[in-house]
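S.K.: Can you read through this structure? Questions will come right after.
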Amino acid sequence: MNHERLIVIGNGMAGVATIEEIVKKPCPPAITVFGGESHVNYNRILLSDVLACAKTADEIYLNTRQWYEDHGIELHLGVFVTGIDLEKKQVITQSGELYGFDKLLIATGSAPFIPPMKGVDKKGVFTFRNLEDTEAMIRWASRYHRAVIIGGGLLGLEAARGLTNRGMVVTVVHLMGHLMEQQLDVAAGAILKAEIEKLGIGVQLTCTVKEILGDGKVEAVRLSTGELIEADLVLITAGIRPNVKLAKEAGLAVNRGIQVGYHMQTSHPDVFAVGECIEHRGRTYGLVAPIMEQARVAADAIAGKRGLIYGGSIPAVTLKVAGIRLASIGAIQQDGAECEEITYADPGAAIYNKVILREKRVVGAILLGEVQDGPRLLEWVRKGTDVSPFRVSLLSIGNGSRLPSHPAAEMGDSDVVCGCMGVTKGAVVEAIKTHELTSREGVSEKTRACTSCKGCGPLIDQLLQDVLGEAYVAAPKTAYLCTCARMTAQALRQAIHEGQLKSYTAVKESGCIGDCGVCKPGVSFLVSEIWPMDHTDERHARFINDRVHANIQKDGTFSVVPRIHGGVTSPQQLRRIADVAERYNVRMVKITGSQRIDLLGVKKEDLPAIWADLDMPSGHAYAKAVRAVKTCVGLDFCRFGVGDSTALGIEMEERFEGLYTPHKVKLSVSGCPRNCAESYVKDIGIVAIEGGWEAYVGGAAGMNVRKGDLLCRVETADEALDAATRFLQYYRENGEYMERTYDFVPRIGIETIRRVLFDQASGEPDRLLERFYEAKSAVVDPWKKEGRSPVHKRQFKDLGVLIEKL
Amino acid sequence: MNRESDQVILIRAGTVDDIPRGEGRCFTVQDRRIAIFHLEDGSIRAVDQDCPHRGGPLSDGLVGKDSVICPLHGWRIDLETGAVVGQEEKRVKTYPVKVEQGEILLELGL
């Protein structure tokens, strides 16, 4: 383990984003965080939503206390660091305590700028930086009626919307000649002002507040024009200033912000800084995207690597202000005659799109009302592309020209849209028109498109949009198992539980589903998962693979894959497999990606005999179940191995084999972070690290490639196995049928998953293990059971064959 | 009913008990393979075994109220008419069946 200590001053988005990057690395340092606020890290950007009643405070937290605990981070909330001693490499807190560090990260953020005016100390004057400010404002707004907001920039306008939602009458007072002058030009600012005023918000430009009047509490403000506006609440959103006092007093180089170089390093080699407190190449930042870039670079540098460089961020903001979409990219202030502008303006429709060019390259853009060109324009700014060949189509609005991101429109009628099913664009469009289809499901039903790999989904959506135009509404994702199911899968689960429905037929008779047949396997799974010990298994409701326990191939023959736990076999086992393959004239013997052996071309009626001869358990390669646990050699033999990965892999496969799941589950265990068993891209992947094990979940490397999320870092193999077991059971109980973990994990959120699996006090971790073992006790190896005694005399046999001449 | 000529013969394809309820089984006569289904309501249906898409074994499919889903790529075949649901111009042949004292009698036109 790394014995360095990193102290982080500031528990806001920048500091924590950097910590998140640091803990992803092998051997991270020990981390201590000091945060002045009493809250764990939350999304400061969403404070506007909280003010506007669009979100609750609970919904904006980013990291829980559990997260800090899980990563061994020492967290001190409500503690201010008041001094840094660079020589002794110590920090001192407000209570006089000393803490030593090897590396220091300053993420002190910024403070609101208060323009000079009288009366700022009256009750009812607020700034808008943190959760406390927000909550105080909400309380005040519930008692009073009128508000004045000083500063018509992004934050001020968002606050105006928020306070208006809370029933206040709001006036925005802005120093400059147009609103949001950092992001908009005069023309766009005018359009925005008109839209803001439509919401009942007053706007006063080119003036300031000179004095706040009132007896103890705010009663009115006096503007620089002399005008008096009555008010009960004054909010100052006139800009921010980096918090540099700590750094300056410590002797670090400070200008407007704490000066940092390409590696986010300050003037001291062991001290780094990120976020709103910094200045880099003369620029300070007040948006969130640069923070993430800075966090990655800082994390690398703190870890001693110098691979990543921070070259500054292109300012780019996309948001909704008062319900209007807005994107502002790059340098929007024109400097000098070398700049050109291409503009589309429709003030009546509140649309304004402008591209700013310099020497054939896009350097900035303002998009108001319609922002679909944003991503393209940002890319061009980033890459410095020479856009002169297509000047005319830089903006798509009002242009009639097709964007490259709309490929469906560029296809011909005979071009194939769905490769799996060979369905052409013409066929899809005709189906939409003929059958008046309105959804992807409808298209699938009528044309078979999008029923296999589903990769053509977005193309189908585009075609629906093209044909239906405005009438097309992309359907929200409902969790029906099939079109005849009358409820979402979640509701179905509940019904099965509460109604004690213990068989497919019971569910059908209850009216929760129809009888299309498609949802049979899904419903069977639900019933067997909810009632492992006493459900009635109906064979007809199983997919063919699960009726004969082998994988149907394209020609109606089957593939047979016995279990080879952990990918470790023996000469005896190989000999037996070879004998069986010869005896049954198996057409191909294939080593599979999951480190086992597949016998292909087996006839259905030979299946029982082949298993009896193999006398090995089923590999369940044909099922929506736990598949195999791949391993790489590990401590046993490998000179880099730090853990016994093969032993753990074999134990895990023995524990999990036979369990059915919402969709297939692939696992692996690697002996060290070199990861020869590819554990980062598995549904559950375990990696041995120095001193312990890491477990990753929700990874995949098939049709989708996704790196798994770190579930936990533990010391022993047993703990890793238990964590994996709880996750598997949690997935079984909460995954949608046909939902792989790579969709399940991001849907639930790794934070929530961790909380559920490890919060011992709730009792849930133990309950999950209990339910798992209950389910496991109901598992019987199908080959052993049914090889000997088929459930039906014709389970594997067809009806007779009549060959005589008729 | 698909009658190619007036001559029809009946073939014993097995008993109703030979096919688990809700499933299908394949019956081969000369060069024809026929999928016979034992529906939920106890009735019997028969269609060509080979799916019009890529020849998948319909008798192995999941059976709905009146249709079967091919196990290879999910094409749905209406067991009354033999038509592919959603692409009605594609179809399989259907065969009339009678059940007498538990025996399945398949009508084959010659």
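S.K.: Do you know which residues across the range A:19-37 are in a strand (DSSP E or B) and either touching a Pro at 6+ places or on another chain (Cβ under 6 Å) or of a type in the set (S, T, N, Q) (or both)?
M.R.: A:THR32
S.K.: Exactly one condition in (1) more than 28 Å from the chain's Cα centre (by Cα); (2) away from chain B (no Cβ under 14 Å); (3) farther than 26 Å from A:VAL560 by Cα is not met by A:SER789; state its number.
M.R.: The single condition A:SER789 does not satisfy is (3).
S.K.: Which residues, counting only those in the range A:38-52, are over 22 Å from the mean Cα position of the chain (by Cα), part of a loop (DSSP other than H, G, I, E, B) and buried (at least 19 other Cβ atoms within 10 Å of the Cβ)? So that I can check it myself, show each step before the final result.
M.R.: If we filter the range A:38-52 for residues that are over 22 Å from the mean Cα position of the chain (by Cα), which is where we start, we get A:38-39, A:51-52.
From the residues that got through so far, the ones that are part of a loop (DSSP other than H, G, I, E, B) too are A:38-39, A:52.
If the condition is that a residue be over 22 Å from the mean Cα position of the chain (by Cα), part of a loop (DSSP other than H, G, I, E, B) and buried (at least 19 other Cβ atoms within 10 Å of the Cβ), then no residue fits.
S.K.: Inspect all residues belonging to the range A:4-18 and state whether any of them is at pLDDT below 85 and outside any loop (DSSP other than H, G, I, E, B). First the steps, then the outcome.
M.R.: Initially, the range A:4-18 is screened for residues at pLDDT below 85, giving none.
There is no residue in the range A:4-18 that is at pLDDT below 85 and outside any loop (DSSP other than H, G, I, E, B).
S.K.: For the range B:23-55, give me each residue that is within 8 Å of chain A (Cβ to nearest Cβ), in a loop (DSSP other than H, G, I, E, B) and modelled with pLDDT of 95 or more.
M.R.: The one that is within 8 Å of chain A (Cβ to nearest Cβ), in a loop (DSSP other than H, G, I, E, B) and modelled with pLDDT of 95 or more: B:GLU23.
Matching residues to (1) on the phi < 0 side of the Ramachandran plot; (2) basic (Lys, Arg):
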{"position": "A:ILE9", "(1), (2)": "yes, no"}
{"position": "A:LYS24", "(1), (2)": "yes, yes"}
{"position": "A:CYS27", "(1), (2)": "no, no"}
{"position": "A:PHE34", "(1), (2)": "yes, no"}
{"position": "A:LEU46", "(1), (2)": "yes, no"}
{"position": "A:ALA54", "(1), (2)": "yes, no"}
{"position": "A:ASP58", "(1), (2)": "yes, no"}
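S.K.: Here's another thing I want to ask about it. Show me the helices (runs of 4 or more DSSP H) entirely contained within the range A:493-560 in which 3 or more residues are away from chain B (no Cβ under 14 Å).
M.R.: On the way: elements: A:504-509, A:520-530, A:544-548.
Helices (runs of 4 or more DSSP H) meeting the threshold: A:520-530.
S.K.: Restricting to the range B:56-110, what's the tally of residues that are outside any loop (DSSP other than H, G, I, E, B), in contact with a Lys or Arg (Cβ under 9 Å, 6 or more places away or on another chain), more than 10 Å from chain A (Cβ to nearest Cβ) and β-branched (Val, Ile, Thr)?
M.R.: The qualifying residues number 3.
S.K.: Next question, about the same structure. Pull out all pairs, ordered by first then second residue, where Cβ-Cβ is under 6 Å, the residues are six or more apart or on different chains, the first lies in the range A:267-284 and is within 15 Å of A:ILE7 (Cα to Cα), and the second is part of a strand (DSSP E or B).
M.R.: From the range A:267-284, the pairs are A:ASP270/A:LYS103; A:VAL271/A:LEU104; A:PHE272/A:LEU105; A:PHE272/A:GLN265; A:ALA273/A:ILE106; A:ALA273/A:ILE258; A:ALA273/A:VAL260.
S.K.: Give the residues of the range B:6-18 that are at the interface with chain A (Cβ under 7 Å from one of its Cβ atoms) and either among the hydrophobic types (A, V, I, L, M, F, W, C) or touching a Pro at 6+ places or on another chain (Cβ under 6 Å) (or both), sorted by residue number. Outline the logic, then answer.
M.R.: To start, the set of residues in the range B:6-18 that are at the interface with chain A (Cβ under 7 Å from one of its Cβ atoms) comprises B:9, B:11, B:13-14, B:18.
Listed by number, the residues that qualify are B:ILE9, B:ILE11, B:ALA13.
S.K.: Are any residues in the range A:231-252 exposed (fewer than 15 other Cβ atoms within 10 Å of the Cβ) and farther than 17 Å from A:PRO112 by Cα, and if so, which ones? Reasoning before the result, please.
M.R.: Filtering the range A:231-252 for residues exposed (fewer than 15 other Cβ atoms within 10 Å of the Cβ) gives A:245, A:248-249, A:251.
Selection gives A:LYS248, A:GLU249, A:GLY251.
Rundown of residues vs (1) surrounded by fewer than 21 Cβ atoms within 10 Å (Cβ to Cβ); (2) closer than 30 Å to A:LEU526 by Cα; (3) modelled with pLDDT of 80 or more, yes/no style:
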residue: A:VAL417; (1), (2), (3): no, no, no
residue: A:VAL428; (1), (2), (3): no, no, yes
residue: A:HIS435; (1), (2), (3): yes, no, yes
residue: A:THR447; (1), (2), (3): no, yes, yes
residue: A:LEU459; (1), (2), (3): yes, no, no
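S.K.: Take the residues of the range A:272-291 that are of a type in the set (Gly, Ala, Ser) and buried (at least 24 other Cβ atoms within 10 Å of the Cβ): which is nearest to A:MET13 (Cα to Cα)?
M.R.: Taking the range A:272-291 first, the residues of a type in the set (Gly, Ala, Ser) are A:273, A:275, A:282, A:286, A:289.
Narrowing further to those that are buried (at least 24 other Cβ atoms within 10 Å of the Cβ): A:273, A:275.
Details: A:ALA273: 13, A:GLY275: 8 Å.
Looking at residues that are of a type in the set (Gly, Ala, Ser) and buried (at least 24 other Cβ atoms within 10 Å of the Cβ), I get A:GLY275.
S.K.: Now a separate question. All but one of (1) touching a residue at least 60 places away in the same chain (Cβ under 8 Å); (2) within 16 Å of A:GLY35 (Cα to Cα); (3) of a type in the set (Val, Ile, Thr); (4) touching a helix residue (DSSP H, G or I) at 6+ places or on another chain (Cβ under 8 Å) hold for A:ILE73; state the number of the condition that does not hold.
M.R.: It fails just one condition, (1).
S.K.: Give me a count of the residues in the range A:537-584 that are at pLDDT below 95 and at positive phi.
M.R.: Counting residues in the range A:537-584 that are at pLDDT below 95 and at positive phi gives 2.
S.K.: Output the residues belonging to the range A:794-804 that are at pLDDT below 85 and either within 16 Å of A:ARG539 (Cα to Cα) or more than 8 Å from chain B (Cβ to nearest Cβ) (or both).
M.R.: So in the range A:794-804, the residues at pLDDT below 85 come out as A:800-804.
If the condition is that a residue be at pLDDT below 85 and either within 16 Å of A:ARG539 (Cα to Cα) or more than 8 Å from chain B (Cβ to nearest Cβ) (or both), then A:GLU804 is the only one that fits.
S.K.: When you check A:ILE291 against the structure, is it farther than 20 Å from A:GLU4 by Cβ, hydrophobic (A, V, I, L, M, F, W, C) and either part of a strand (DSSP E or B) or over 23 Å from the mean Cα position of the chain (by Cα) (or both), yes or no?
M.R.: Working: farther than 20 Å from A:GLU4 by Cβ: yes; hydrophobic (A, V, I, L, M, F, W, C): yes; either part of a strand (DSSP E or B) or over 23 Å from the mean Cα position of the chain (by Cα) (or both): no.
So A:ILE291 fails the test.
S.K.: Can you confirm whether the range A:641-654 contains a residue that is surrounded by fewer than 19 Cβ atoms within 10 Å (Cβ to Cβ), of a type in the set (D, E, K, R), in a helix (DSSP H, G or I) and in contact (Cβ under 8 Å) with a residue 24 or more places away in the chain?
M.R.: There is at least one residue in the range A:641-654 that is surrounded by fewer than 19 Cβ atoms within 10 Å (Cβ to Cβ), of a type in the set (D, E, K, R), in a helix (DSSP H, G or I) and in contact (Cβ under 8 Å) with a residue 24 or more places away in the chain.
S.K.: Return the total of residues in the range A:317-337 being at pLDDT 80 or above and farther than 27 Å from A:LYS198 by Cβ.
M.R.: The number of residues fulfilling the criteria is 2.
S.K.: Contact list please: Cβ distance under 6 Å, first residue in the range A:156-178 and among the basic types (Lys, Arg), second residue at pLDDT below 95, pairs at least six apart or on different chains.
M.R.: From residues that are among the basic types (Lys, Arg), the pairs are A:ARG161/A:ALA52; A:ARG161/A:ALA322; A:ARG166/A:ALA141.
S.K.: If you go through the range A:53-64, how many residues are charged (D, E, K, R) and surrounded by 13 or more Cβ atoms within 10 Å (Cβ to Cβ)?
M.R.: Within the range A:53-64, residues that are charged (D, E, K, R) and surrounded by 13 or more Cβ atoms within 10 Å (Cβ to Cβ) number 1.
S.K.: Which condition breaks for A:TRP783 when tested against (1) crowded, with 22+ Cβ neighbours inside 10 Å; (2) modelled with pLDDT under 95; (3) not in a helix (DSSP H, G or I)?
M.R.: The single condition A:TRP783 does not satisfy is (3).
The values are calculated or read from the model by the stated rules, or taken from the named source; none is laboratory data. This is a predicted model, so every value here is computed, not measured. Ideal geometry is used to build each Cβ from the backbone, glycine not excepted, and the neighbour counts take in all protein chains shown.
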